[in-house]
Each structure stands twice: as structure tokens, then as C-alpha cells.
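Sharing a structure with you now.
Every number here is computed from the coordinates shown, using simple stated rules; none is lab data. Since we're looking at a predicted model, the values are computed, not measured. Every residue, glycine as well, gets a Cβ built from its backbone with ideal geometry; the counts of neighbours run over all protein chains shown.
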Amino acid sequence: MSAVSCHLGMSLDGFAAGPNQSPKDPVGVGGMRLHQWVFPTRAWHEHRGLEGGARSVDSEVLAEVIQGIGAYIMGRRMFGGGDGPWDESWRGWWGEEPSFHAPVFVLTHHPREPLEMRGGTTFTFVTDGIESALRQARKAAGDRDVSIAGGAQTVQQFLAAGLLDELFIHLVPIVLGAGERLLDNVGNPTLEPVTVVPSEAVTHIKYRVVH
């Protein structure tokens, strides 16, 4: 069976998003600083179909975590659009050609028809919980892995339910002070360190979740 993995940026004080998240700012105030290490890398440029980018330790790590992904699962906040009934004109904050290039299953309480975007990304909206989303994602991914794209509450649900196999934390040397903590409400999972890869910008820590 394919693995269920997750990789997320986290601040030194444990936050995966800044305060005051909104549909137009799903990672909150200051939250984008958790992801700045990604954009200069060669792996990011190649994934976006662009030239250039730096060959670096960060690029090697990013290439590892994005290869072999056949489908993604995310929460509604990460897709964007608030918590109420859908505004059908809202197509997420990822642009017309999102970077996933694969099926994405969005957890929500409000039904919506699938949203097909350019570049191979289709957002499917799942209203009956994380296990249903995982079944659909695994079917779509085939023999490839499923990635829990975030946000923090979605990762928490999968970790607490024992449905996550690998957790890759990109520990960024910033202090957000407030926002959404990554590891709240997850019970008492056993995490086994696999690799620790430091760079000038971030420390990448890969954990295996012991079942």
C-alpha cells in the first residue's frame, strides 16, 4: 500500500501558520516566511516548469519530498474560501495552474463540484471525513504516495487517527509568537527520527510514525 506522508514548515516555537488566517491569507501574518527556503531551489523551478534555481541541500530535500506523490489531501483553509458555504466563483488561492499537478482532495463540510485546473490539478471536495478522503486519494494515486498537504488541523487529524506514515518537518529559525501550532491535539504518537539535514536556511527533520 502506498505511504501517507506530510511535509510542512514549522517555526521554532511550533507554529505552522501565523495569526489572523483568512481566505486570502491562509498561512496568516508572517506565515509565508516558513516557505521562503523553497522558492530559490532548482527543484522548485523544475517542478513549476521553469529554468534556473539553485542546486543546494534544500533543493535535494525538496526533490525528495515531492517525488512519487500521486495525490494530495488538504483542509479547506489551505484551499482557501472561508468556512461557510462555497462562493462558486472562488477557485482557491493557488492560481489557474496550481503546483500540485495531481488530484487534490479538499476536506470540507459543504459540497461542491470538482474543480479542474490547468496543469493536471483537479480539486475534489470531500464532505465525509478524512478516511473517505484517504480512500479516494489512494485510488487516484495508484501505486504512488499520498501527501497530506496541510494545513495544521488536517495534519493533526491524520496523525491522531494513526493514518500518517511519515512526517517531514522543515524547521525554520523564526519565531511567530502566535498562529496555528502544528502538533496540538495529536494524542501521543511515537515518532522515530530518520534523517536530519541542516542548511543555512532551515533544518529538515524526517520522522517515521511508528504504528
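If you wrap a convex hull around the alpha carbons of the range 91-135, what volume per residue comes out, as a whole number of Å³? Provide the component values of the computation, followed by the final result.
On the way: hull volume 3.2 nm³, N = 45.
With only Cα atoms used, the range 91-135 gives 71 Å³ per residue.
Here is a follow-up. Once you have the Cα-Cα distance between R118 and E131, take 0.36 nm times their residue separation minus that, and quote the gain in nm to one decimal. Intermediate results must be reported in sequence, preceding the final value.
On the way: separation 13, 0.36 × 13 = 4.68 nm, distance 2.73 nm.
Full extension from R118 to E131 adds 1.9 nm.
Give me P(r) over the range 116-211, computed from all C-alpha to C-alpha distances, binned every 5 Å, as integer percentages.
Spelled out per bin, shortest first, that is 2, 10, 17, 21, 20, 14, 10, 4, 0.
Charges only on Cβ, +1 for Lys and Arg, -1 for Asp and Glu: so what's the dipole of the range 20-108 about the Cα centre, in debye to the nearest 20? Don't skip to the answer; put the middle values down first.
On the way: 8 positive and 11 negative charges, 35 e Å.
For the range 20-108, the charge dipole is close to 160 debye.
Can I ask one more? May I ask for the percentage of alpha-carbon pairs in the range 13-97 that lie more than 20 Å from each other? Could you put the intermediate results ahead of the total?
Details: 1752 of 3570 pairs.
Tail of P(r) above 20 Å: 49 percent of Cα pairs.
Given the DSSP H assignment, sum -39500 (n - 2.57) over each helix run of at least 4 residues in the chain and divide by its residue total; what's the result at 222 nm in deg cm²/dmol, nearest 500? Walk me through the intermediate numbers first.
On the way: 5 runs with 41 residues, N = 211.
-5500 deg cm²/dmol, from helical runs alone.
Rounded, prolate or oblate: which one fits the range 168-211, using the alpha carbon gyration tensor with axes a ≥ b ≥ c (rounded when a/c is under 1.5, else prolate when a/b beats b/c, else oblate)? Before the final figure, lay out the partial values.
Numbers: a/c = 4.38, a/b = 1.13, b/c = 3.89.
Judged from the Cα gyration tensor, the range 168-211 comes out oblate (a/c at least 1.5, b/c at or above a/b).
To the nearest 20 debye, what is the magnitude of the charge dipole of the range 108-211 about its Cα centre, counting +1 on the Cβ of each Lys and Arg and -1 on the Cβ of each Asp and Glu?
Details: 9 positive and 12 negative charges, 26 e Å.
That gives the range 108-211 a dipole magnitude of about 120 debye.
Residue by residue through the range 190-197, what is 3J(HN,Hα) from phi via Karplus (6.51 cos²θ - 1.76 cosθ + 1.60, θ = phi - 60°)? Round to whole Hz and write x for glycine and proline.
9, 10, 10, x, 10, 9, 10, 10
In the range 1-83, which GluC sites (Glu not before Pro) fall in coil by DSSP and have 11 or fewer other Cβ atoms within 10 Å?
Values: sites: E46, E51, E60, E64; in loops: E51.
The qualifying sites are E51.
For the range 47-112 and the range 142-211, what is the separation of their C-alpha centers, rounded to whole Å?
Rounded to whole Å, the Cα centres lie 17 Å apart.
Also: Of the peptides 116-128, 163-175, 186-198, how do they stack up when ordered by the mean number of other Cβ atoms within 10 Å, highest first? Let's see the in-between values first.
On the way: 116-128: 15.8, 163-175: 18.7, 186-198: 11.8.
Packing order, densest peptide first, comes out as 163-175, 116-128, 186-198.
By its C-alpha gyration tensor, with a ≥ b ≥ c as the square roots of the eigenvalues, how is the chain shaped: rounded for a/c under 1.5, else prolate for a/b larger than b/c, else oblate? Each step should come with its number before you reach the end.
On the way: a/c = 1.25, a/b = 1.19, b/c = 1.05.
Rounded, since a/c falls under 1.5.
Calculate one ³J(HN,Hα) per residue across the range 25-36 by plugging θ = phi - 60° into the Karplus curve 6.51 cos²θ - 1.76 cosθ + 1.60, and present them in order as whole Hz with x for glycine and proline.
Couplings: 9, x, 9, x, 5, x, x, 5, 5, 5, 10, 5 Hz.
To continue, here is another question. So how far apart, in nm, are the two label points at A54 and W94 if each is 7 Å from Cα heading toward Cβ?
Rounded to a tenth, the inter-label distance reads 2.7 nm.
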